[in-house]
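Participant: Take a look at the following structure, please.
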Amino acid sequence: MGQTLSQKIIANHLVCGEMNVGEEIGIRIDQTLTQDATGTMAYLELEAMGIDRVKTELSVAYIDHNTLQTGFENADDHRFIGSVCKKRGVRFSRPGNGICHQVHLERFGVPGKTLIGSDSHTPTGGGIGMLAMGAGGLDVAVAMGGGEYYITMPKMVKVNLTGKLSPYVAAKDVILEVLRIMSVKGGVGKIIEYQGPGVLTLSVPERATITNMGAELGATTSIFPSDEITKAFLEAQGRGADWSELKADDDAVYDEVIDIDLSTLEPLAAMPHMPDNVRKVREIGKIKVDQVCIGSCTNSSLSDMLKVAAILKGKKVAPNVSLAIAPGSKQVLSMLATCGALTDIIDAGARVLESACGPCIGMGQSPNSAGISLRTFNRNFEGRSGTADAGIYLVSPEVAAASALTGVLTDPRELGEPLNILMPEKFLINDNMVELPATPEEAPSVEVIYGPNIKPFPDSNVLKDEIDAPAILKVGDNITTDHIMPAGAKILPYRSNIPFLSQFCFKQCDEHFAENCKAAGRGFIIGGANYGQGSSREHAALVPLYLGIKAVITKSFARIHAANLINAGIMPLTFQNPDDYDKIEQGDALVLKNVFASLDSGNFVLVDETKGIEIPLVGVFTDRQKDILKAGDLLQYTKGKKD
Ligand code: MIC
Ligand code: SF4
């Protein structure tokens, strides 16, 4: 029996476990990336593990999230990360060089290699045939130290692409269509492989848009084959030597197949407040728009920006619209400037932002009250933009640019003539904003610079055999890490200050959550399905740990968050019978009995003393995960293994 593309890459990197669906496997990681919002923690953890020099083939630290410097905090954190990188052997992509996923695709990604990144959109690398996955900072730190990365062997899904996109229909519409079909939890425990003749009609940036937003499906990762198109892209980046051909075997077996005829797609939009709330632009109608934002790791490539510039050329942004554009990297920005397209963008009235995440993570450009904002980004969760009552629509660059001109949601096919974008044969290559680390000889004399913004980690959990704690919070389905630990300009600068962050935890769901936890001293969280979807931020586990959360009990979990909870020493448990979720109310007194024996059997019993009932729970952990929980957290476990 043949293998799928990802099965081949996994087999080449397998360190332990059997490649049977549902079983835990450990894989060797060739490359890592971090960004600054998760990076401070990741490098603190690397330092705490006592790793002198990273052991990967390549590790890169990007500064792209916390670039709004309204106080000393972010600048201090950049300096801290830069100093650790210099000492420990990590390349440092300075602020201004661009968004991690865009830059990594352009300058560092290699087909067939494994990459983990402390950011959920790391699967962008799947656009050039990498097995690229989002992970918690601690997992990335372990991988930098040479440790393997553990995942549950996923199921394989084939998305069979046929036909060709029509003019003004974009790669964004392909992934929105997949989201419409599969939903935000449809990809959990799966790898999505794009195949079929339609693949050859898609450029690398288009493929990367699709794999990027596979994160919104909850998928472990998404991947395209590495073919002639990939080769041409890498050659244009001066990296032809990094190319190799990669594809699935013809007789590879998939657990699920989805067919999409590209020629039947039309412009789509994900309506507030979920990426899978997808409808056709023409069916939504011409709603009035207050803001348009173009950029983010999903849609900020040179080809995206050239399309936007062509639509804006010689025209003016509608008076009711604020148009903000953030090109994804220094390379993109510099090439736009060189070819004159930047002038077209500026002349039309766009507000040009630095090459960074910016509005995507609420770092500026929050819309007006109850504002409607069209964004080429990947997440439209309620409140994420920084304006609690704003409505965010996720769209393609073509829809965004057309709507910025008309002032209402617009199907770009109304513009008439198809766009004719000429891509340059070679990209401008200038890596002068990537600092190389010190040599092993120089490294000992490099000092790691800690600023006052960096505070100690929360104490680890000490696992007890009986845990009594109240149901301190009960939430519904699809709770995102933005609900658990919000981001945005006011909070993000404190990513290395867990006590400070704790006051914002779950604020959107229950504004008294932090106070209630402090008063009770401990608690259980009760959740619905797909709990913890979205970001890879381990803060969504570390802050609850700090607030005394002992276990999170749900109908189901998102992959990265479940791993982060275990890494933080918090048990993720699920209801054996999902209907039991309805029996527990917030405030009920709960007791988890015989925890150690339950860890071994995988069957837990939760006593709801308020209701006088027993509820069976499931927590099937591997021996490694049990040892992490018993050790208190992954850090203690890893240190214990080293000693
Ligand atoms: C996001 O898009 O939510 C982020 C900000 O990039 C996060 C990482 C973080 O919270 O720092 C992600 O996607 O993992
Ligand atoms: Fe940055 Fe937004 Fe991409 Fe997250 S999704 S990495 S915040 S651009």
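Participant: Normalised radius of gyration for the chain, please: alpha carbon Rg relative to 2.2 N^0.38 Å, two decimal places.
Facilitator: Working: Rg = 23.5 Å, N = 643, 2.2 N^0.38 = 25.7 Å.
Rounded to two decimals, the normalised Rg is 0.92.
Participant: In whole Å, what is the distance between the alpha-carbon centres of segment 205-260 and segment 549-587?
Facilitator: Spelled out, the Cα-based centre of one part sits 33 Å from the other.
Participant: Here's another thing I want to ask about it. Search the structure for amide H atoms under 5 Å from the amide H of residue 554, placed 1.01 Å from N in the peptide plane, and list their residues when 5 or more places away or on another chain.
Facilitator: 527, 573, 574, 575
Participant: Specify which residue in the list 520, 497, 484 is farthest towards the positive end of the charge dipole of segment 480-541, using unit charges on the beta carbon of Lys, Arg (+1) and Asp, Glu (-1), about the Cα centre.
Facilitator: Comparing the listed Cα positions along the dipole, 497 ranks first.
Participant: Please state the relative contact order of the chain as a whole percent: Cα pairs under 8 Å, 6+ residues apart?
Facilitator: Details: 1645 pairs, mean separation 91.8, N = 643.
Worked out over the chain, it gives 14 percent.
Participant: Shifting gears a bit: Report Rg/Rh for segment 92-249, rounded to two decimals, where Rg is the Cα radius of gyration and Rh the Kirkwood radius.
Facilitator: Values: Rg = 15.1 Å, Rh = 15.9 Å.
Result for segment 92-249 is an Rg/Rh of 0.95.
Participant: Enumerate the calculated ³J(HN,Hα) couplings along segment 142-159 in order (Karplus 6.51 cos²θ - 1.76 cosθ + 1.60, θ = phi - 60°), each rounded to whole Hz, writing x wherever the residue is Gly or Pro.
Facilitator: These are the phi-based 3J(HN,Hα) values: 4, 5, 4, x, x, x, 7, 10, 9, 9, 8, 4, x, 6, 10, 10, 9, 9 Hz.
Participant: Taking θ as phi - 60°, what are the ³J(HN,Hα) couplings along segment 335-347 by the Karplus curve (6.51, -1.76, 1.60), each to the nearest whole Hz, with x for Gly and Pro?
Facilitator: Once θ is set to phi - 60°, the couplings for segment 335-347 become 6, 5, 5, 5, 8, x, 5, 4, 5, 4, 5, 5, 4 Hz.
Participant: Also, I was wondering about something else. Under a cut-off of 12 Å between alpha-carbon atoms, report the aspartates and glutamates in cross-link reach of residue 555, not counting same-chain residues fewer than 8 places apart.
Facilitator: Excluding near neighbours in sequence, the set is 477, 579, 580, 582.
Participant: Using the Karplus equation 6.51 cos²θ - 1.76 cosθ + 1.60 (θ = phi - 60°), what ³J(HN,Hα) coupling, rounded to whole Hz, does each residue of segment 386-401 give in order, writing x for Gly and Pro?
Facilitator: x, 10, 4, 9, 6, x, 9, 10, 9, 9, 7, x, 5, 5, 4, 5
Participant: With a cut-off of 8 Å between alpha carbons and a minimum separation of six or more residues, what is the relative contact order of segment 507-566 in percent? All intermediate terms of the calculation are to be shown ahead of the outcome.
Facilitator: Details: 71 pairs, mean separation 25.9, N = 60.
Once divided by the residue count of segment 507-566, the mean separation gives 43 percent.
Participant: Can you tally the lysine pairs in segment 159-302 where the Cα-Cα distance is under 20 Å and the two residues are eight or more apart, or on different chains?
Facilitator: Working: 164/172; 164/280; 172/185; 172/280; 172/286; 190/247; 231/247; 280/288.
Here the count comes out as 8.
Participant: In addition: To the nearest 0.05, what FRET efficiency results for residue 519 and residue 79 with a Förster distance of 60 Å applied to their C-beta separation?
Facilitator: Working: r = 38 Å, r/R0 = 0.63.
Once rounded, the FRET efficiency stands at 0.95.
Participant: Name the GluC sites (Glu not before Pro) in segment 1-31 that are in a loop by DSSP and that have at most 13 other C-beta atoms within 10 Å, would you?
Facilitator: Working: sites: 18, 23, 24; in loops: 18, 23.
Passing both the DSSP loop test and the Cβ count: 18, 23.
Participant: State the extension gain, in nm to one decimal, for the chain segment bounded by residue 446 and residue 263, taking 0.36 nm per residue of separation less the distance between their alpha-carbons. Write out the running numbers ahead of the final one.
Facilitator: Numbers: separation 183, 0.36 × 183 = 65.88 nm, distance 5.61 nm.
Taking residue 446 through residue 263 to full extension adds about 60.3 nm, to one decimal.
Participant: Sequence-distant or interchain residues sharing an amide H contact under 5 Å with residue 322, placed H: which?
Facilitator: HN-HN under 5 Å from residue 322: 291, 292.
Participant: Related question: Evaluate the Debye formula for segment 486-538 with equal point scatterers sitting on the alpha carbons, no solvent, and hand back log10 of I(q)/I(0) at q = 0.16, 0.18, 0.27 Å⁻¹, in q order, two decimals.
Facilitator: Ignoring solvent entirely, the Cα scatterers give -0.57, -0.72, -1.29.
Participant: Right, here's the next one. Going by the alpha-carbon gyration tensor, a ≥ b ≥ c the square roots of its eigenvalues, is segment 448-510 rounded (a/c under 1.5) or, if a/c is not under 1.5, prolate (a/b greater than b/c) versus oblate? If you can, show how the numbers build up before the last one.
Facilitator: Numbers: a/c = 2.95, a/b = 1.26, b/c = 2.33.
Here segment 448-510 falls in the oblate category.
Participant: Taking amide H positions as placed in the peptide plane 1.01 Å from N, state which residues far from residue 159 in sequence (5 or more) or on other chains have amide H under 5 Å from it.
Facilitator: Long-range HN contacts for residue 159: 193, 194, 195, 258.
Participant: Using 20 Å as the Cα-Cα cut-off, could you pick out the over-long pairs in 455/641; 593/626; 518/611; 474/611? Mind showing how you got there, number by number?
Facilitator: Values: 455/641 25 Å; 593/626 16 Å; 518/611 24 Å; 474/611 15 Å.
Over 20 Å apart, Cα to Cα: 455/641; 518/611.
Participant: Let me ask another. Which value, to two decimals, describes the C-alpha radius of gyration of segment 268-327 once divided by 2.2 N^0.38 Å?
Facilitator: Working: Rg = 12.9 Å, N = 60, 2.2 N^0.38 = 10.4 Å.
Its radius of gyration relative to the 2.2 N^0.38 Å reference: 1.24.
Participant: Rank these for me by crowding, 426, 86, going from fewest to most other beta carbons within 10 Å.
Facilitator: Numbers: 426 9, 86 21.
Ordered by Cβ neighbours within 10 Å, fewest first: 426, 86.
Read-outs throughout are calculated quantities, based only on the coordinates presented, and are distinct from any laboratory measurement. Quantities reported herein were computed from a predicted structural model and do not represent experimental measurements. Counting neighbours? That spans all protein chains shown, and the Cβs are built from the backbone with ideal geometry, glycine included.
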